1. Placing unit charges on C-beta atoms (Lys and Arg positive, Asp and Glu negative, everything else neutral), compute the dipole magnitude of segment 21-100 about its Cα centre in debye, rounded to 20.
2. Answer with one residue from ALA104, PHE41, LEU83: the one whose Cα lies farthest towards the positive end of the charge dipole of the chain, charges on Cβ with Lys, Arg +1 and Asp, Glu -1.
3. Once Lys and Arg get +1 and Asp and Glu get -1 on their Cβ, which of VAL192, VAL232, VAL153 lies farthest toward the positive end of the dipole of segment 109-253?
4. Dipole of the chain, Cα-centred, from +1 at each Lys and Arg C-beta and -1 at each Asp and Glu C-beta, to the nearest 20 debye?
5. Could you work out the helix-only [θ] at 222 nm for the chain, with each DSSP H run of four or more residues adding -39,500 (n - 2.57) and the total divided by the number of residues, to the nearest 500 deg cm²/dmol?
6. So, by mean Cβ neighbours within 10 angstrom, what's the order for 7-17, 106-116 with the highest one leading?
7. Among the lysines, which fall within straight-line cross-link reach of LYS223, defined as a Cα-Cα distance under 25 Å, with same-chain neighbours fewer than 8 residues apart omitted?
8. Work out, in µm²/s and without decimals, the Stokes-Einstein translational diffusion coefficient of segment 63-200 at 20 °C, 1.002 mPa s, Rh from Kirkwood over C-alpha pairs.
Amino acid sequence: MKSPLLSLPGAVPAEGVDEGVAAHYGDLFREQRALADGTGFVDLSHRGVVTVSGEDRLGWLHLLLTQHVSDLPPHQATEALVLSAHGHIEHALYLVDDGETVWAHVEPGTQDALIAYLESMKFFYKVEVADRTDEFAVVHLPAGSIAEPPDGVVVRETPHGRDLFLPRAELEAYARQAGPPAGLLAYEALRVEAHRPRLGFETDHRTIPHELGWIGTAVHLHKGCYRGQETVARVQNLGKPPRRLVFLHLDGSEVHLPPPGTEIRLADDGADGRRVGFVTTSVRHHELGPVALALVKRNVPVDARLMAGDTAAAQEVVVEP
């Protein structure tokens, strides 16, 4: 779904899974600084929007998600995962309940598979699941923003900012009065700085929540059964995850960023050293320079010098080994 905000001056379209919104509006670092200062907004209208209504919605979702939501107060934001039977991450949901309906935004293009799963689990529960992507656009206001959301708009407020579920027909009018737009690259740079994982970027087909530090924020360890809980409990109580998320400071003299999937090796092993991980997201940060998130094997020493392809990298621990 192509955003009408791509017609704004300087807009350069994003690519890949984020196609449909602007990567930037002509000045990446200015846009980052604006978000860091709490001004402007980010067009996330390419993300899927799913709602769950009905009197059983919270109790029903509590049985399916990794998060404790049976008593979720109205207007309190949370995030949750859907796991496979083996505990691998399949979906990430960013939730808020408005008192009558649970609103969630999800990764672009994942809403159909999520809804299919939810529909298959309805049984006798009084719930209605709906794809609202055509009707509502997600807009992000950064932390510290004093902008007032339009009346009646559902807001999901977190320490990282506020997500608005804005009627899609009002997106252009809102943009005209919401301050300078910032592109997705600026938003992603601040996400990487905050060590926040993203489904499909920091995850692959075998990722479990412990590897990314999603325990506590998206996974509640003291709640009833849900699909994949056995794996979560086993790793929590008896072992360690096979991989861990790290934050990388990359050699700033390199012109090109190592793209996602770039192999990570121990620098001391030389060019033919064994693969110990891979880059998941790499960005240029307005203060930190080139940085990245990566998954490495748990037993990689925390003080080891790394190479991301041909780029030297110093690691910062996100998930403890």
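Every read-out reported here was derived from the displayed coordinates using simple, explicitly stated rules and does not represent laboratory data. Keep in mind the model is a prediction, meaning the values are calculated, not measured. For neighbour counting, all protein chains shown are included, and Cβ atoms are generated from backbone atoms with ideal geometry for every residue, glycine included.
1. 300
2. The one lying farthest along the dipole's positive direction is LEU83.
3. VAL232
4. So the magnitude is around 840 debye.
5. -4500 deg cm²/dmol
6. Highest-to-lowest ranking by the protection proxy: 106-116, 7-17.
7. Output for LYS223: LYS122, LYS126, LYS240.
8. 130
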